[in-house]
Each structure stands twice: as C-alpha cells, then as structure tokens.
Amino acid sequence: MKTYDVAAYIWPSYTGKEKRARQFWEQGIGEWQSVLSAEKRTEDQILPRKPLWGTVDEADPKVMEFQIKEATRHGVNVFIYDWYWYDRRPFLEQCLDEGFLGAPNNADMRFYLMWANHDAGYTWDKRQSGLDEVIWLGTQPREEFDRVCRRVIDLYFKRPNYYKIGGCPVFMIYEMSNLVRGLGGVENTRAALEHFRELTKAAGFPGLHLQAAIYAEHAVNVSGVDAAREGSTKDLVDMLGFDSVTHYQFAHFVDCNRDYLEILPDVQKEWDRIRRDYKVPYYPHMSVGWDNNPRHRFLTLPIMKNNTPENFKKGLEMAKDYADRYNGVPLVTVNSWNEWTEMSYLEPDDVYGYGYLEAVRDVFLGQE
C-alpha cells in the first residue's frame with residue numbers, strides 16, 4: 001500500500017514552561033487557559049469542548065511519547081512545528097525541544113519547521129481581545145535572519161528524523177511579505193535565502209527545500225521599502241526561488257462562515273488555480289475547522305459549520321486524490337494537531353472522540 005506523508009501543524013503553546021508567555025496566559029498553563037474559558041455564543045457553535053487527553057503539558061516528553069504513538073497509529077507521521085523568533089531569541093521552543101525531541105520514540109515521527117514570522121500582538125491574550133497593538137515584530141534584518149538559519153541547521157536539520165524532500169531539509173516560511181520587509185526587498189531577500197541554501201549545503205545536505213505558506217492571491221510589497229512596487233504572492237514564490245507551496249488554514253483563502261461541504265468545492269478550485277498558475281508543486285492542505293471565539297470576549301466570525309469527522313474525511317479523500325494525481329511526493333498538510341483556540345484540531349475531544357484521527361486513519365491507512 002502507498003505510504004503518505006500526513007503532516008499536522010503543531011501550535012506549541014500548551015505548556016507553562018515559556019516564561020515570556022505569562023504576559024498572554026498568566027495562569028501558567030499556556031493557551032489551555034483560553035480553551036477552558038471558551039463560551040458558546042451562537043447556535044452554530046459546539047462549545048465549550050474539552051480535550052479527551054486533558055490539559056496536558058506538551059513540553060513533557062512522556063506526554064509527547066503518548067501523542068506520537070497515537071498520531072502514527074492513525075496515519076499522522078509528520079509534525080510541522082510553528083516556530084518563532086522574536087526580540088533576538090526563540091519563543092515557544094519548549095514543546096519541540098523538550099517535549100517532542102525528548103520523547104524516547106521521537107524517531108518514529110518526522111518533523112519540520114514552519115517559521116511563523118508574523119507580528120505578535122494581543123491576539124493570544126483574551127483579556128485584550130480586539131486590541132490592535134504589536135508587541136514583537138516578525139520582520140528580521142539580515143543579521144538576525146542569518147542567526148535563525150544557523151540555529152535551525154545546527155539544532156534541527158541535522159536530526160535524523162527531520163523531514164526532507166530529495167534529501168533536502170524542508171523549511172516553511174509563513175509570511176513572505178514580512179520576510180521581504182525585514183530583509184529590505186526582493187534582491188536582498190533572494191541573496192539571504194541563497195546564503196541559507198549555501199549554509200545548508202555546507203552542513204552536508206544536497207540543498208534546502210524552501211516551502212511557502214500561501215494565502216489567497218494578493219498584492220505584496222516586493223521592495224521592502226517602496227510601497228508602490230508591488231507584486232503577487234505567485235510573483236514572490238518565483239522571484240525568491242521557493243521550491244513548493246502549501247496552505248496553513250482554509251480561513252486564509254476561502255469564506256469559512258458556512259457549511260464545511262460548501263467550502264470544499266472552493267478549496268478544490270483554489271488548488272486547481274495554484275496548480276495552473278504556479279511553477280512549483282502545491283502540496284494539498286486540509287483544515288479540520290475554524291472558530292477562534294475561544295480567544296475572544298465577544299462574538300467573532302467566521303464560524304465554520306458542520307465540520308464533522310465524516311465531512312472532514314471527504315476533504316481528506318479529496319487531498320489524497322490530488323496527491324495521487326499530481327505530486328511525486330505524497331505530502332498532505334493538515335491544520336492542525338492542536339489548534340484548540342481556533343477549533344481546528346485532530347486531538348480527540350469530548351464531542352467527537354477520536355473521530356478526526358479515525359478519518360485520517362481510514363483514508364491514509366485504509367483501515368475502518
């Protein structure tokens with residue numbers, strides 16, 4: 001039977017070990033604090049929900065040993081860790097460094113990084129929901145970018161279970177506009193990325209596989225300094241030499257304030273557009289759901305409806321079909337393993353049990 005690389009994003013906030021996170025979640029349990037205080041605000045919501053495994057510390061290697069076992073037996077065999085660099089240092093690395101890499105069975109699961117280089121504001125602080133203020137900038141100048149490159153090569157790329165395509169470590173970048181803005185334009189960014197490739201080769205790899213997390217097609221500032229010089233996301237992928245693209249969340253490119261089965265055809269149309277318009281492979285993405293009201297004190301839209309395990313399974317079948325038809329590398333990305341405050345997670349809950357994980361198992365392992 002064909003083997004698929006089913007890669008689930010991990011939001012590494014479910015721990016109290018990051019001291020700087022206390023400004024967002026003062027109780028010292030990470031974003032579990034917001035999950036536990038979630039309230040139902042419309043008839044369309046199924047809230048609150050509780051994690052079947054409890055509000056565990058995902059920076060605990062024993063916890064991650066169990067989660068790796070549960071993930072792999074259901075067909076999830078890659079974790080994509082959201083990875084942060086703010087104020088000249090990493091943020092929320094404990095779930096990866098201490099939890100996952102400390103688990104005795106971590107070799108059973110591959111992993112790679114998505115550099116979540118967006119600005120950090122009060123989105124994570126429920127007490128301040130709606131306040132539009134930047135705490136840390138996601139943009140990084142060349143000196144900091146080079147520090148990031150050296151760190152990820154030395155600490156992560158060299159791990160035997162780091163995910164590779166064609167022998168090249170895969171590194172995803174979340175926000176290309178911030179990347180270009182911080183490095184001062186397309187030419188400077190291309191030079192910085194080329195240096196990243198050279199550093200990766202010098203570390204003993206055949207090359208670096210750069211992956212972009214794309215949104216709906218939109219204009220971006222491609223100069224880094226001149227707002228009048230704009231191009232599209234597609235232009236940047238080409239100009240900067242990215243090797244592949246995928247998505248992070250349905251909410252980034254389709255209207256999610258409706259039924260899941262109404263959303264899937266529009267997702268398929270966007271995949272087809274990308275395959276037609278982009279010069280690099282697109283790895284199909286499937287989101288479990290969307291509702292980020294657990295992060296807010298007031299009703300916020302959109303709210304995805306009817307995203308049951310049965311309907312999610314239909315989406316997974318669509319992704320599997322795309323991978324079979326168009327991609328030599330059978331990679332599918334999923335949002336997510338644990339985005340509880342966005343209601344998009346595979347971890348079992350008190351409403352659907354193991355339903356979402358069983359959907360992955362049925363589609364990609366052929367078990368029912």
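Net charge around residue 287, counting only other residues with Cβ within less than 11 Å of its Cβ (Lys, Arg = +1; Asp, Glu = -1)? Write down the numbers at each step before the final one.
Working: positive: none; negative: 339, 342.
Summing Lys/Arg as +1 and Asp/Glu as -1 gives -2.
Computed from the C-beta positions of residue 232 and residue 203, the FRET efficiency with R₀ = 41 Å rounds to 0.80. In this structure, the pairs whose alpha-carbon distance is over 20 Å, taken from 50/305; 158/201; 158/234; 158/320; 269/313; 126/313, are 158/234; 158/320; 126/313.
Over all distinct Cα-Cα pairs of the stretch 1-73, the Kirkwood formula returns a hydrodynamic radius of 14.5 Å.
Kirkwood Rh and Cα-based Rg: tell me the resulting Rg over Rh for the stretch 1-138, rounded to two decimals.
Working: Rg = 16.2 Å, Rh = 16.3 Å.
Ratio of gyration radius to Kirkwood radius for the stretch 1-138: 0.99.
Shape analysis of the stretch 292-365 based on the Cα gyration tensor places the equivalent ellipsoid semi-axes at 26, 14, 11 Å, largest first. Residue 252 to residue 151: FRET efficiency via 1/(1 + (r/R0)^6), r the Cβ-Cβ distance, R0 22 Å, to the nearest 0.05? It comes to 0.25. The alpha carbon centroids of the stretch 110-179 and the stretch 238-287 are separated by 21 Å.
Applying the Karplus relation 6.51 cos²θ - 1.76 cosθ + 1.60 with θ = phi - 60° to the stretch 7-19 yields 3J(HN,Hα) values of 10, 9, 5, 10, 9, x, 9, 8, 7, x, 7, 8, 4 Hz, where x marks Gly and Pro.
Per the Kirkwood treatment, what hydrodynamic radius in Å, one decimal, follows for the stretch 68-201 from the mean inverse distance over all distinct Cα pairs?
Kirkwood hydrodynamic radius for the stretch 68-201: 16.2 Å.
Between residue 127 and residue 306, full extension at 0.36 nm per residue minus the direct alpha carbon distance yields a gain of 61.5 nm.
Scattering from the chain was approximated by placing one identical point on each alpha carbon and applying the Debye formula without solvent; log10 I(q)/I(0) at 0.07, 0.09 1/Å stands at -0.28, -0.48. When the Cα centres of the stretch 308-368 and the stretch 1-15 are compared, how far apart do they sit, in Å? One Cα centre to the other: 10 Å. Find which of 117, 168, 211 sits farthest along the positive direction of the dipole of the chain, computed with +1 on the beta-carbon of Lys and Arg, -1 on that of Asp and Glu, about the Cα centre. Toward the positive end, the furthest listed residue is 168. Set the Cα radius of gyration of the stretch 109-157 against 2.2 N^0.38 Å, with N its number of residues, and you get 1.50. Here is the tail figure for the stretch 126-194: Cα pairs spaced more than 21 Å apart come to 41 percent of all pairs. Each of 268, 311, 185 was placed along the dipole of the chain (beta-carbon charges, centred on the mean Cα), and the one lying farthest toward the positive end is 185. Computed extension gain for residue 55 through residue 43, at 0.36 nm per residue and net of the alpha carbon distance, reaches 1.7 nm.
Could you tell me which residue out of 64, 355, 149 lies farthest along the dipole of the chain toward its positive end? Charges go on the beta carbon: Lys and Arg +1, Asp and Glu -1, centred on the Cα centre. Working it through, the farthest residue towards the positive pole turns out to be 149.
For the chain, a simple Cβ point-charge model (Lys and Arg +1, Asp and Glu -1, everything else neutral) yields a dipole of about 660 debye relative to the Cα centre.
Taken over the stretch 44-104, the convex hull of the Cα atoms encloses 139 Å³ per residue.
Which of 17, 279 has the fewest other C-beta atoms within 10 Å, and how do the rest follow up to the most? Numbers along the way, then the final one.
Values: 17 18, 279 8.
Ranking 17, 279 by Cβ neighbours within 10 Å, fewest first, gives 279, 17.
Rule-based calculations on the coordinates, nothing more; no lab input. Just so it is clear, the model here is predicted, and its values are computed rather than measured. No Cβ is skipped: glycine too gets one built from the backbone with ideal geometry, and neighbour counts run over all protein chains shown.
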